[in-house]
Amino acid sequence: MVHGSSNRTRKEAEDQVSAKAMTGNPLGVTVNNRDMSIAVLRTFISKRKEEHEAVLSKRMQKASKVSENHASNGSSNGECEPSEVIPEGEPSGNGDEPEKAAEGRAPRELKPTRVLEALSASGLRAIRYAREVEEIGQVVALDNDKASVEACRRNIKFNGSVAGAKVESNLVDARVYMLTHPKEFDVVDLDPYGSPSVFLDSAVQSIADGGLLMCTATDMAVLCGSNGEVCYSKYGSYPLRGKYCHEMALRIVLACIESHANRYKRYIVPVLSVQMDFYVRVFVRVFTSAGAMKNTPLKLSYVYQCVGCDSFHLQPIGRTVSKNTSVRYLPGFGPVVPQECSDCGKKYNMGGPIWSAPIHDQDWVTSILSDVKAMKNRYPAFNRISAVLTTVSEELPDVPLFLSLHNLCGTLKCTSPSAVIFRSAVINAGYRISGTHVNPLGLKSDAPMDVIWDIMLFDA
């Protein structure tokens, strides 16, 4: 049943061939995707348990303080007054009483994690989740193709009692199923053939508060600017064809998910966003808060890209003004650029809106990487995913998009300086700089474009 030291099922190794025929995806690509998903899923379950224990601890501490206050009040008065009996089902006269009563009850146990794989095909991913992530309680695999569901059920049966007890395969439209099961799943996995946009509205409704949405988009030609009007119709954002187009694709998908979540007073917190092979995959947590949802315009920006050089600038959609304890949400100041580029005199193209807030949670990335290294024998694609995670952990989290040193030199028609020398010049100028997992030649920096061009001209 187990294939070598990778802890994969024999059926996965066999069925990957049929999956390739069904999806047209190379085998290594799908393994990379699944391994990364399992690594994030393990970290999510661990974090979820820590958060639950922290809430219980805080609740118990509060209950302990309340009981101490009652005891001190009773001893100071010399005797305790009999408490008024409130009939069951009647509201308490004191608004704090229900909360105190809830704190005094036995702590509620954390239920096993429930996972929904909305587009399961032959069920390889669902079976790996069930067999390799022990803390998962149930995996619901959906597909609207009868042959795929039959193949999934055969694979479940082949993989023994663990898969049979945890994995449930259904022939149903994933959108309908998710809409009819609101806030029931701790994890929802979307990995469609193409754009996930038609599934996002129902997906953000089916996730429990604090749950994890794992979403893949493979329509990279659309997201990277080949068909900007199609991208706008699907994602509500216009792409630009810069060297950073793959990172922009990630940020367009995140902005789209946030837009769907906001319609239900929910918002997202990205924990990991990666571009690998021919797709982008984002891992975001979904929370419910009408107050926190108001911060969405602060996380979105338009992008101005010069058509004559590599200069780009971001225009935030919103801003806040604080006065005493109140916060006002206002439109962003603009424009951030003149009609013509100050560096080359050409016009700007405008794209977006994109997600301009951090696309990774560095604490999560560190935890995921540590888990992967500790269990390297259980990840067939260990070398690839550990390399991606290492690069992600070194990225500047608060710098959207990136520059290409070769493109800068192409604009100036000069020889490319050493990347080490360029990095040193940026750091000595008082700014930060890092690489990016999206492009081995890409450089992220918080230095303004005029500083970048000054360094390039000095080296030239």
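Of note:
- Of all the residues in the stretch 259-279, those that are closer than 22 Å to Thr296 by Cα and outside any loop (DSSP other than H, G, I, E, B) number 13.
- Yes/no for Leu179 being buried (at least 16 other Cβ atoms within 10 Å of the Cβ) and in contact (Cβ under 8 Å) with a residue 24 or more places away in the chain: no
- Test: residue in the stretch 239-246 that is within 18 Å of Leu272 (Cβ to Cβ), under 15 Å from the mean Cα position of the chain (by Cα) and open to solvent by 10 Å² or more (accessible area, probe 1.4 Å): no
- Tyr235 meets the stated requirement of being in contact with a Cys (Cβ under 8 Å, 6 or more places away or on another chain), of a type in the set (Ser, Thr, Tyr) and in the same structural domain as Val115 (by the TED database).
- When residues of the stretch 383-439 are limited to those that are in a loop (DSSP other than H, G, I, E, B) and open to solvent by 60 Å² or more (accessible area, probe 1.4 Å), the one nearest to Met248 (Cα to Cα): Asp398
- Helices (runs of 4 or more DSSP H) contained in the stretch 142-258 and holding at least 2 residues of a type in the set (A, V, I, L, M): 146-158, 160-166, 174-179, 197-206, 220-223
The values are calculated or read from the model by the stated rules, or taken from the named source; none is laboratory data. Only a predicted model underlies this, so the values are computations on that prediction, with no experimental measurement involved. Cβ coordinates were reconstructed from backbone atoms using ideal geometry, including for glycine residues, and neighbour counts include every protein chain displayed. With ligands, DNA and RNA removed, areas are computed over all heavy atoms of the protein, side chains included. Shrake-Rupley method; radii C 1.70, N 1.55, O 1.52, S 1.80 Å.
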